[in-house]
Ligand SMILES: Cc1cc2nc3c(=O)[nH]c(=O)nc-3n(C[C@H](O)[C@H](O)[C@H](O)COP(=O)(O)O)c2cc1C
């Protein structure tokens, strides 16, 4: 009799326990199905804010945007007879930079540039440094503050940067800008032309720069630009 009673009790206990288990599972299941519905509903209307949140928090997205959203590049050039301007155009093609041409109010004619004539304009300016303060049509670049890299190009005159370049450099603030000089010449090297311009500017992080032949291949210029890793 005792055994029968114990048997009935065990059966009741097992039934009670299995009932409890199924009762516990139900809310969990319903919760999980509710939450998955909530997620799938949420995916539609809130997807744009989710994307924004993902863009805000995804570390890869910020660096990818930096080059296009970051500082811009400007090519400033003085060219009396077109050689340095051609290099400037190659740099613009290679970088997508903007271009600013330094233009003397009184442009140099070919007679002015005749350095073999001791009475020519350049010869007189070379002899008398006080005459080298050449007036320019403009020294102000629109949105100057947006540029953080500035190429500055010029022909070599008697071993240094053609002086209209100095007029531009002295008139501008290169603080927080990387400045990259480039020049053309018949035979002379860059020499101290870049260093002298840096001194005249008094501001900016001036790199050593590059000299090109008067007529240079575009591929050579592009190779140099690529080597800068901008
Ligand atoms: C007044 C003057 C001075 C020059 N002095 C030098 C010089 O010292 N060394 C040199 O190699 N070339 C010299 N040149 C040659 C120019 O640097 C070269 O032709 C340059 O490519 C001209 O550039 P541009 O066409 O942009 O003006 C001089 C040219 C001129 C007009």
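Just so it is clear, none of the values below were taken in a lab; they were calculated from the coordinates. The structure displayed is predicted, hence computed values, not measured ones. No Cβ is skipped: glycine too gets one built from the backbone with ideal geometry, and neighbour counts run over all protein chains shown.
Compare the peptides 91-103, 129-141, 150-162, 172-184 by average per-residue count of other Cβ atoms within 10 angstrom and give them in order, highest first.
On the way: 91-103: 17.3, 129-141: 12.9, 150-162: 23.3, 172-184: 20.2.
For the peptides 91-103, 129-141, 150-162, 172-184, the packing ranking is 150-162, 172-184, 91-103, 129-141.
Sort out for me the Cα centre separation of segment 148-220 from segment 111-133, rounded to whole Å.
Between the Cα centres of segment 148-220 and segment 111-133 lies a distance of 20 Å.
So how far apart, in nm, are the two label points at residue 227 and residue 188 if each is 7 Å from Cα heading toward Cβ?
Spacing of the two 7 Å Cα→Cβ label points: 2.2 nm.
Once the piece of chain linking residue 139 and residue 81 is laid out straight, how much longer is it, given 0.36 nm per residue of separation minus the C-alpha distance between them?
Values: separation 58, 0.36 × 58 = 20.88 nm, distance 2.01 nm.
My answer for the length gained is 18.9 nm.
Give me the distance in nm between label points sitting 7 Å out from Cα along the Cα-to-Cβ direction at residue 106 and residue 215, one decimal.
For the pair residue 106/residue 215, the computed spacing is 3.2 nm.
Got the relative contact order for segment 72-227 handy, in percent, Cα pairs under 8 Å and 6 or more residues apart? Before the final figure, lay out each step's value.
Numbers: 287 pairs, mean separation 38.6, N = 156.
Relative CO of segment 72-227 lands at 25 percent.
Per-residue counts of other Cβ atoms within 10 Å, averaged by peptide: what ranking do you get for 113-121, 197-205, highest first? Could you put the intermediate results ahead of the total?
Numbers: 113-121: 13.1, 197-205: 16.6.
Top of the packing list down: 197-205, 113-121.
Nearest 0.05, what FRET efficiency do residue 93 and residue 117 give at R0 = 25 Å with Cβ-Cβ as r? Present the calculation step by step, with values, prior to reporting the outcome.
Numbers: r = 36 Å, r/R0 = 1.45.
Rounded to the nearest 0.05, the efficiency is 0.10.
Going by how many other beta carbons lie within 10 Å of each one, how would you line up 196, 74, fewest first? Write out the running numbers ahead of the final one.
Details: 196 17, 74 23.
Lowest count first: 196, 74.
Give me the number: length gained by fully extending residue 207 to residue 170, i.e. 0.36 nm times residue separation minus the C-alpha to C-alpha distance, one decimal in nm.
Values: separation 37, 0.36 × 37 = 13.32 nm, distance 1.74 nm.
Result: 11.6 nm gained on full extension.
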